[in-house]
Amino acid sequence: MTDVVEIPIVAEHPPQYAHAGDAGADLRAAEAVELGPGERALIGTGVAIALPDGYAAFVVPRSGLAAKHGITVVNAPGTVDAGYRGEIKVTLLNTDGSESFAIAAGDRIAQLIVMPVSRAVFVPVPELTDSARGTGGFGSTGVSS
Ligand SMILES: O=c1ccn([C@H]2C[C@H](O)[C@@H](COP(=O)(O)OP(=O)(O)OP(=O)(O)O)O2)c(=O)[nH]1
Ligand SMILES: [Mg+2]
């Protein structure tokens, strides 16, 4: 394994990687919540961390909850700044139009990905250099073939 980073944590239930090689460590709900159709809620995880400078953590949805129940994270990827010492919370959204989704305390509701990030210095210039893509975006390459 490479790139192991130690992260001080205060939590009764620290996030856990389900398998060796997983990028995301599962976050658990600290409270029970029922999400009605189309509802969202800010859910505590009971986890607080102190990321080293130069790192960020991203709160992202679990694919199983998304595919089976339409549960997603509104602001995915939620960004946890290195300087943040508060409880990590998850803004969960039930995108299903008819089914409620019940979350029990302890359920794994999202996952946390820790990544090194660059701190940018934005340098004003009169114009940008050319590139193969140029200003094309937002579907400029089409969909099929
Ligand atoms: O899914 C998330 C996203 C953010 N945070 C925490 C950690 C992050 O460092 C802080 C601020 O997040 P962000 O910068 O995305 O929110 P903001 O609306 O810009 O708030 P602020 O004005 O406090 O920066 O909130 C979470 O716990 N979960
Ligand atoms: Mg912010």
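If you take the Cα centroid of region 6-35 and the Cα centroid of region 94-138, the two points sit 20 Å apart.
If I stretch the segment between VAL123 and SER100 completely, what's the gain in nm (0.36 nm per residue apart, minus their alpha carbon distance), one decimal? The partial results should precede the final answer.
Values: separation 23, 0.36 × 23 = 8.28 nm, distance 4.84 nm.
This chain segment gains 3.4 nm when fully extended.
Relative contact order for region 34-107: what is it in percent, counting Cα pairs under 8 Å that are at least 6 residues apart? Could you put the intermediate results ahead of the total?
Working: 143 pairs, mean separation 35.3, N = 74.
Here the relative contact order equals 48 percent.
Please list, by residue number, everything in region 67-84 whose backbone N is under 16 Å from a paramagnetic label point 7 Å out along Cα→Cβ of VAL10. Counting backbone N atoms under 16 Å from the label point, the list is 83-84. Put +1 on the Cβ of each Lys and Arg and -1 on the Cβ of each Asp and Glu in region 9-116; which of GLN111, ALA48, GLY36 then has its Cα farthest toward the positive end of the dipole? Of the candidates, GLN111 comes out farthest on the positive side. Around the amide H of ILE103, modelled in the peptide plane, lie the amide H atoms of VAL33, GLU34, LEU35, all under 5 Å away and 5 or more residues distant in sequence or on another chain. In region 74-145, the inverse of the mean reciprocal separation of distinct Cα atoms equals 17.9 Å; this is its Kirkwood hydrodynamic radius. Calculated translational diffusion coefficient of region 9-116 (25 °C, 0.890 mPa s; Stokes-Einstein with Kirkwood radius over alpha-carbon pairs) equals 176 µm²/s. Residues whose amide H lies under 5 Å from that of THR91, counting only those 5 or more places away or on a different chain, are ILE43, VAL74, ASN75; hydrogens are built 1.01 Å from N in the peptide plane.
Sequence gap at least 6, Cα distance under 8 Å: using those rules, report the relative contact order of the chain to the nearest whole percent.
Numbers: 281 pairs, mean separation 43.2, N = 145.
Computed over the chain, the figure is 30 percent.
With a Förster radius of 25 Å applied to the C-beta separation of GLU87 and ASP107, the computed FRET efficiency comes to 0.90.
Each reported figure results from applying straightforward, stated rules to the coordinates on display, with no laboratory input. Because the structure is a prediction, the values reported are computed rather than measured. Backbone-built Cβ (ideal geometry, glycine too); neighbour counts: all protein chains shown.
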